[in-house]
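Taking it in order: structure first as C-alpha coordinates, then the write-up.
The values are calculated or read from the model by the stated rules, or taken from the named source; none is laboratory data. Fair warning: this is a prediction, and the values are worked out from it, not measured in the lab. When we count neighbours, we look across all protein chains shown, and the Cβ atoms used for this are built from the backbone with ideal geometry, even at glycine. Only protein heavy atoms, including side chains, enter the accessible area calculation; ligands, DNA and RNA are left aside. Shrake-Rupley method; radii C 1.70, N 1.55, O 1.52, S 1.80 Å.
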Amino acid sequence: MFRIIFALVVSALCFSPGRAFTPRRPGRHTHIRLFASSLLKPAAVPLMDAGKAVARSGELIIELTTAENIYGGALSAVGAQVRNAGDCLAQAAASCRFKTGSELVTDELREAATCLQEAVAKMELGAQEALVDNRNEMASSMEQSVSVLASCGQALESAGAGIMTHEPVDKIGTYLVDASKQLLLFSQLTLQLAPNREEAQVASQRLTFAAERMKIAGNELQGIQPAKKTGKSWLKGGSL
(Lines give C-alpha, C1' and ligand atoms only; values in the text may rest on other atoms or scores of the structure.)
Protein backbone atom coordinates (compact mmCIF):
# COMPACT_ATOMS: atom_id res chain seq x y z
CA MET A 1 0.00 0.00 0.00
CA PHE A 2 2.82 2.36 0.90
CA ARG A 3 4.48 1.74 -2.50
CA ILE A 4 1.28 2.57 -4.35
CA ILE A 5 0.85 5.87 -2.46
CA PHE A 6 4.54 6.76 -3.06
CA ALA A 7 4.19 6.10 -6.79
CA LEU A 8 1.11 8.31 -7.03
CA VAL A 9 2.91 11.19 -5.26
CA VAL A 10 5.94 10.97 -7.56
CA SER A 11 3.65 10.85 -10.61
CA ALA A 12 1.79 13.94 -9.45
CA LEU A 13 5.02 15.86 -8.96
CA CYS A 14 6.45 14.90 -12.37
CA PHE A 15 3.31 15.68 -14.33
CA SER A 16 1.97 18.70 -12.47
CA PRO A 17 0.45 21.42 -14.70
CA GLY A 18 3.28 23.79 -13.87
CA ARG A 19 5.98 21.45 -15.14
CA ALA A 20 4.59 18.92 -17.57
CA PHE A 21 4.49 21.02 -20.74
CA THR A 22 6.89 23.85 -19.99
CA PRO A 23 8.97 24.21 -23.16
CA ARG A 24 12.72 24.56 -22.78
CA ARG A 25 14.21 27.58 -24.42
CA PRO A 26 17.20 26.66 -26.55
CA GLY A 27 20.49 27.98 -25.25
CA ARG A 28 22.82 30.21 -27.24
CA HIS A 29 24.88 27.36 -28.62
CA THR A 30 21.77 25.41 -29.64
CA HIS A 31 20.54 28.42 -31.57
CA ILE A 32 23.89 28.80 -33.32
CA ARG A 33 23.92 25.14 -34.35
CA LEU A 34 20.45 25.44 -35.86
CA PHE A 35 21.49 28.63 -37.64
CA ALA A 36 24.46 26.89 -39.22
CA SER A 37 22.75 23.67 -40.25
CA SER A 38 19.76 25.32 -41.89
CA LEU A 39 21.21 28.45 -43.44
CA LEU A 40 24.97 28.35 -44.05
CA LYS A 41 25.22 25.03 -45.86
CA PRO A 42 24.44 26.44 -49.37
CA ALA A 43 27.67 28.47 -49.21
CA ALA A 44 29.86 25.48 -48.34
CA VAL A 45 30.97 24.29 -51.80
CA PRO A 46 31.71 27.65 -53.48
CA LEU A 47 33.37 28.98 -50.32
CA MET A 48 35.55 25.86 -50.20
CA ASP A 49 36.61 26.49 -53.81
CA ALA A 50 37.38 30.11 -52.98
CA GLY A 51 39.46 29.18 -49.94
CA LYS A 52 41.57 26.66 -51.85
CA ALA A 53 42.17 29.13 -54.65
CA VAL A 54 43.21 31.90 -52.24
CA ALA A 55 45.60 29.51 -50.48
CA ARG A 56 47.17 28.54 -53.81
CA SER A 57 47.57 32.17 -54.80
CA GLY A 58 49.48 32.78 -51.58
CA GLU A 59 51.86 29.93 -52.40
CA LEU A 60 52.38 31.36 -55.88
CA ILE A 61 53.23 34.78 -54.44
CA ILE A 62 55.93 33.09 -52.36
CA GLU A 63 57.21 31.34 -55.49
CA LEU A 64 57.24 34.70 -57.26
CA THR A 65 59.60 36.11 -54.62
CA THR A 66 61.98 33.23 -55.35
CA ALA A 67 61.87 33.97 -59.07
CA GLU A 68 62.47 37.67 -58.38
CA ASN A 69 65.33 36.95 -55.93
CA ILE A 70 63.54 38.64 -53.03
CA TYR A 71 62.56 35.50 -51.12
CA GLY A 72 62.44 36.03 -47.36
CA GLY A 73 61.33 39.64 -47.58
CA ALA A 74 58.02 41.25 -46.76
CA LEU A 75 56.31 40.04 -49.94
CA SER A 76 57.08 36.45 -48.96
CA ALA A 77 55.35 37.11 -45.65
CA VAL A 78 52.38 38.52 -47.55
CA GLY A 79 52.13 35.31 -49.54
CA ALA A 80 52.27 33.24 -46.36
CA GLN A 81 49.46 35.22 -44.76
CA VAL A 82 47.32 35.03 -47.91
CA ARG A 83 47.85 31.26 -47.94
CA ASN A 84 46.84 31.06 -44.28
CA ALA A 85 43.73 33.14 -44.97
CA GLY A 86 42.76 30.74 -47.75
CA ASP A 87 43.19 27.76 -45.44
CA CYS A 88 40.91 29.44 -42.90
CA LEU A 89 38.26 30.07 -45.55
CA ALA A 90 38.38 26.44 -46.63
CA GLN A 91 37.97 25.31 -43.03
CA ALA A 92 35.05 27.69 -42.56
CA ALA A 93 33.44 26.20 -45.66
CA ALA A 94 33.89 22.66 -44.33
CA SER A 95 32.25 23.64 -41.05
CA CYS A 96 29.24 25.11 -42.88
CA ARG A 97 28.14 21.55 -43.65
CA PHE A 98 27.74 20.43 -40.03
CA LYS A 99 25.02 21.14 -37.50
CA THR A 100 27.54 22.03 -34.81
CA GLY A 101 29.78 24.06 -37.10
CA SER A 102 28.59 27.64 -36.77
CA GLU A 103 31.01 28.63 -34.02
CA LEU A 104 33.85 27.21 -36.12
CA VAL A 105 32.63 29.14 -39.16
CA THR A 106 32.70 32.33 -37.11
CA ASP A 107 36.18 31.63 -35.76
CA GLU A 108 37.67 30.69 -39.13
CA LEU A 109 36.21 33.67 -40.99
CA ARG A 110 37.54 36.03 -38.35
CA GLU A 111 40.92 34.28 -38.37
CA ALA A 112 41.04 34.70 -42.15
CA ALA A 113 40.39 38.40 -41.61
CA THR A 114 43.22 38.55 -39.07
CA CYS A 115 45.60 36.91 -41.54
CA LEU A 116 44.72 39.50 -44.18
CA GLN A 117 45.20 42.34 -41.71
CA GLU A 118 48.65 40.99 -40.93
CA ALA A 119 49.29 40.78 -44.67
CA VAL A 120 48.45 44.48 -44.87
CA ALA A 121 51.29 45.38 -42.50
CA LYS A 122 53.73 43.24 -44.48
CA MET A 123 52.47 44.72 -47.74
CA GLU A 124 53.27 48.22 -46.52
CA LEU A 125 56.77 47.13 -45.58
CA GLY A 126 57.15 45.33 -48.91
CA ALA A 127 56.29 48.49 -50.81
CA GLN A 128 59.10 50.30 -49.01
CA GLU A 129 61.52 47.47 -49.81
CA ALA A 130 60.52 47.56 -53.47
CA LEU A 131 61.18 51.30 -53.67
CA VAL A 132 64.63 50.84 -52.17
CA ASP A 133 65.33 48.19 -54.86
CA ASN A 134 64.01 50.51 -57.60
CA ARG A 135 61.10 48.17 -58.33
CA ASN A 136 58.71 51.04 -58.85
CA GLU A 137 55.89 49.11 -60.57
CA MET A 138 55.95 46.45 -57.88
CA ALA A 139 55.95 49.10 -55.18
CA SER A 140 52.95 50.84 -56.76
CA SER A 141 51.02 47.57 -56.94
CA MET A 142 51.78 46.79 -53.31
CA GLU A 143 50.78 50.26 -52.16
CA GLN A 144 47.40 49.89 -53.85
CA SER A 145 46.97 46.40 -52.43
CA VAL A 146 47.11 47.69 -48.86
CA SER A 147 43.62 49.19 -48.82
CA VAL A 148 42.21 46.32 -50.91
CA LEU A 149 43.40 43.62 -48.49
CA ALA A 150 42.26 45.70 -45.54
CA SER A 151 38.76 46.01 -47.00
CA CYS A 152 38.62 42.30 -47.79
CA GLY A 153 39.65 41.46 -44.24
CA GLN A 154 37.03 43.82 -42.84
CA ALA A 155 34.30 42.18 -44.93
CA LEU A 156 35.27 38.71 -43.67
CA GLU A 157 35.42 39.99 -40.10
CA SER A 158 31.91 41.40 -40.51
CA ALA A 159 30.68 38.07 -41.85
CA GLY A 160 32.08 36.17 -38.89
CA ALA A 161 30.80 38.70 -36.38
CA GLY A 162 27.41 38.71 -38.11
CA ILE A 163 27.00 34.98 -37.62
CA MET A 164 27.95 35.33 -33.97
CA THR A 165 25.39 38.09 -33.40
CA HIS A 166 22.68 36.29 -35.43
CA GLU A 167 22.38 38.80 -38.25
CA PRO A 168 20.06 37.73 -41.10
CA VAL A 169 21.73 35.20 -43.34
CA ASP A 170 21.24 37.36 -46.43
CA LYS A 171 23.30 40.05 -44.69
CA ILE A 172 26.10 37.52 -44.19
CA GLY A 173 25.88 36.93 -47.92
CA THR A 174 26.40 40.62 -48.68
CA TYR A 175 29.60 40.58 -46.64
CA LEU A 176 30.93 37.68 -48.71
CA VAL A 177 30.04 39.49 -51.93
CA ASP A 178 31.88 42.58 -50.64
CA ALA A 179 34.92 40.40 -49.93
CA SER A 180 34.72 38.93 -53.43
CA LYS A 181 34.91 42.39 -54.98
CA GLN A 182 38.10 43.12 -53.08
CA LEU A 183 39.59 39.76 -54.08
CA LEU A 184 38.96 40.61 -57.72
CA LEU A 185 40.82 43.91 -57.31
CA PHE A 186 43.65 42.10 -55.55
CA SER A 187 43.90 39.65 -58.45
CA GLN A 188 44.54 42.54 -60.83
CA LEU A 189 47.13 44.10 -58.55
CA THR A 190 48.87 40.75 -58.07
CA LEU A 191 49.41 40.50 -61.81
CA GLN A 192 51.00 43.94 -61.75
CA LEU A 193 53.61 42.76 -59.24
CA ALA A 194 55.50 41.16 -62.13
CA PRO A 195 53.39 40.99 -65.31
CA ASN A 196 55.94 38.86 -67.18
CA ARG A 197 56.25 36.19 -64.49
CA GLU A 198 54.16 33.05 -64.78
CA GLU A 199 53.82 32.92 -61.00
CA ALA A 200 52.12 36.33 -60.94
CA GLN A 201 49.88 35.40 -63.86
CA VAL A 202 48.67 32.15 -62.31
CA ALA A 203 48.27 33.75 -58.87
CA SER A 204 46.09 36.41 -60.47
CA GLN A 205 44.01 33.73 -62.18
CA ARG A 206 43.54 31.85 -58.92
CA LEU A 207 42.40 35.00 -57.16
CA THR A 208 39.96 35.80 -59.95
CA PHE A 209 38.48 32.32 -59.61
CA ALA A 210 38.34 32.74 -55.83
CA ALA A 211 36.46 36.02 -56.24
CA GLU A 212 33.93 34.41 -58.56
CA ARG A 213 33.31 31.49 -56.21
CA MET A 214 33.05 33.70 -53.14
CA LYS A 215 30.50 35.85 -54.93
CA ILE A 216 28.48 32.72 -55.67
CA ALA A 217 28.70 31.75 -51.98
CA GLY A 218 27.37 35.15 -51.00
CA ASN A 219 24.61 34.97 -53.59
CA GLU A 220 23.59 31.54 -52.31
CA LEU A 221 23.07 32.98 -48.85
CA GLN A 222 21.03 35.82 -50.34
CA GLY A 223 18.90 33.46 -52.38
CA ILE A 224 20.18 34.85 -55.68
CA GLN A 225 20.24 32.20 -58.35
CA PRO A 226 22.88 32.24 -61.12
CA ALA A 227 21.74 33.32 -64.54
CA LYS A 228 20.75 30.43 -66.77
CA LYS A 229 22.94 29.78 -69.77
CA THR A 230 21.41 30.16 -73.19
CA GLY A 231 22.29 28.52 -76.47
CA LYS A 232 24.70 25.61 -76.72
CA SER A 233 27.82 27.09 -75.16
CA TRP A 234 28.15 23.98 -73.00
CA LEU A 235 28.92 21.99 -76.15
CA LYS A 236 31.96 24.17 -76.71
CA GLY A 237 33.31 23.69 -73.21
CA GLY A 238 32.04 27.01 -71.92
CA SER A 239 33.10 27.95 -68.40
CA LEU A 240 30.76 27.16 -65.54
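Observations, loosely collected:
- Apportionment of accessible area to carbon and sulfur, the range 37-222, percent (1.4 Å): 49 percent
- When peptides 148-155, 161-168 are ranked by their average number of other Cβ atoms within 10 Å per residue, the highest-first order is 148-155, 161-168.
- The order of the peptides 102-108, 133-139, 89-95 by mean Cβ neighbours within 10 Å, most packed first, is 89-95, 102-108, 133-139.
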